[in-house]
Each structure stands twice: as structure tokens, then as C-alpha cells.
Amino acid sequence: LKGITKQTTMINQTENEMRVDIAVTIHKAIRKVLFDHAMLLARTDFRSVEATREAHANLSRTLLSLREHAQHEDAVVFPEIAEAHPPLAAEAIRQHDELEKEMDKLERLSSLAVIATPFERPTFAKRLRAAFNDFVAAQLTHMSFEEETIMPALWETHTDEQLRDMQGRIRAAIPPERGQHWLALLMASADAAELAAIGG
Ligand SMILES: [Fe+2]
């Protein structure tokens, strides 16, 4: 029986791999946004107020992208999950709330670094880097949950056509100037097959 169960799991896995996945490609772009800012923070010379301001401006751009992406999932993806899997949808919403609180904290910490005296700034820099690295870890765990738990749940209840329709609704909600920004991120993080599917 064990052997059969294992075989069935493998077949399901292979079947799932053939399905339309609306999470993995955009999450590559999200990881790029996260890692790019983590590297910028790692290199920033916080003794300079100009460099500290530039890091703060980049944090704002980073959080804007992350919030846009979360709003798309809140508006289009989670309501679709809620119908068949209420506890899963509740967990996804809880994770977004938690991450939003973290983003608020990061913004406050980064603002404090900007207005700090040169004497105080290294302390804030240290805290900001540590807090951002913890935030990256939480985001990575969250995206794995969406890819490994939310997507398979959607495959159970939605056809590929319905999934493409959800993707289309998200794209339609993005204003043109932000569309350019997201396309550039995807071009820098997706593989050739994904780019062909996007039409890029
Ligand atoms: Fe999410």
C-alpha cells in the first residue's frame, strides 16, 4: 500500500508540474526585490547621511513593490482559495498581516536612521540590517507556503483557464508605468520559457 501511495503522490506531483503556476514566476521577481535591497543595505556606508537617505528611498521603492504584490493576492487569489479552503485563506491573510506589520517597523527604523546623529547612525544601521534580513527570511517562508500549499490547493479546485483568468485580472489592475517596472523585474529574474509565456 505504501508503494502505491508513493506512486500516486509522484503522479500527482508530475501532474501538478504541468499545471499553470501563478506564483513561482512573480515570486522570482519578489525575491530579486528583496535580495537587491538586502545587498544595498549590506554595502551602504551609514556614516554618510546621503547614503542613508538613498537606502531609505530604496526601502520605500522595495516596500511599494511588495505591497502591490500582496494586494494582488489579497484581491484576486485569496478570495478564490477561501471558497474551498477557508483555513488556508485565513492563514495566508494572517501571514500578510504579519508581514505588513514588519514592513511598518522597517520603515520606522529606516526613518530613524535618516534623522539620527552621525554618532547614533551605526546603531540604527546595525538594527536595520538585522531586521531586514529577518524580514527576508519571513518573506521566503511565506512565498514557499504560497507555492507549496496555496498553489496545490488551487489546482484541486481551479482549471488552468481559470488560473490564467486570475493572472489576467491581476495584470489588468496594474497601471502602465508600474507594468514597465514589473516587466523589467521579470526580465531580470525569469527563465526563457517563462518569458515566452509572459510574451516578453
Ligand atoms: Fe503573499
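When 94, 129 are checked against the criterion of being assigned to a helix (DSSP H, G or I), over 25 Å from residue 24 (Cβ atoms) and open to solvent by 60 Å² or more (accessible area, probe 1.4 Å), a single residue qualifies: 129. The conditions of being over 18 Å from the mean Cα position of the chain (by Cα) and without any contact (Cβ under 8 Å) to a residue 12 or more places away in the chain are met by residue 43. Right, residue 101: at pLDDT 95 or above and out of contact with any strand residue (DSSP E or B) (no Cβ under 9 Å at 6 or more places or on another chain) or not? The answer is yes for residue 101.
Identify the residue in region 67-81 that is open to solvent by 40 Å² or more (accessible area, probe 1.4 Å) and away from the ligand (no atom under 11 Å from the Cβ) and, among all such residues, is nearest to the chain's Cα centre (by Cα). Let's see the steps before the verdict.
From region 67-81, those open to solvent by 40 Å² or more (accessible area, probe 1.4 Å) are 67, 71, 74-75, 79-80; that's our starting set.
Restricting the remaining residues to those that are away from the ligand (no atom under 11 Å from the Cβ) gives 75, 79-80.
Working: 75: 15, 79: 18, 80: 19 Å.
So the residue we want is 75.
Only a single criterion out of (1) more than 23 Å from residue 183 (Cα to Cα); (2) buried (at least 19 other Cβ atoms within 10 Å of the Cβ) is not satisfied by residue 37, namely (1).
Would region 121-138 turn up any residue that is within 13 Å of the ligand (Cβ to nearest atom), modelled with pLDDT of 95 or more and either over 29 Å from residue 12 (Cα atoms) or of a type outside the set (Phe, Trp, Tyr) (or both)? Scanning region 121-138, I find at least one residue that is within 13 Å of the ligand (Cβ to nearest atom), modelled with pLDDT of 95 or more and either over 29 Å from residue 12 (Cα atoms) or of a type outside the set (Phe, Trp, Tyr) (or both), so the answer is yes.
Evaluated against (1) within 30 Å of residue 163 (Cβ to Cβ); (2) modelled with pLDDT of 95 or more; (3) surrounded by fewer than 18 Cβ atoms within 10 Å (Cβ to Cβ), residue 111 falls short on exactly one condition, (1). For region 24-56, residues that are more than 16 Å from residue 124 (Cα to Cα) and either more than 16 Å from the ligand (Cβ to nearest atom) or modelled with pLDDT under 95 (or both) total 4. The C-beta contact set for region 60-77 (first residue within 14 Å of residue 102 (Cα to Cα), second residue open to solvent by 20 Å² or more (accessible area, probe 1.4 Å) and more than 10 Å from the ligand (Cβ to nearest atom), distance under 8 angstrom, 6+ apart or interchain) comprises 60/107; 62/36; 63/107; 67/100; 70/100.
The values are calculated or read from the model by the stated rules, or taken from the named source; none is laboratory data. All of these numbers come straight from a predicted model, not from anything done at the bench. Quick reminder, even Gly has a Cβ in these numbers, built from the backbone with ideal geometry, and neighbours come from all protein chains shown. Please note that ligands, DNA and RNA were not included when accessible areas were found on the heavy atoms of the full protein model with its side chains. Shrake-Rupley method; radii C 1.70, N 1.55, O 1.52, S 1.80 Å.
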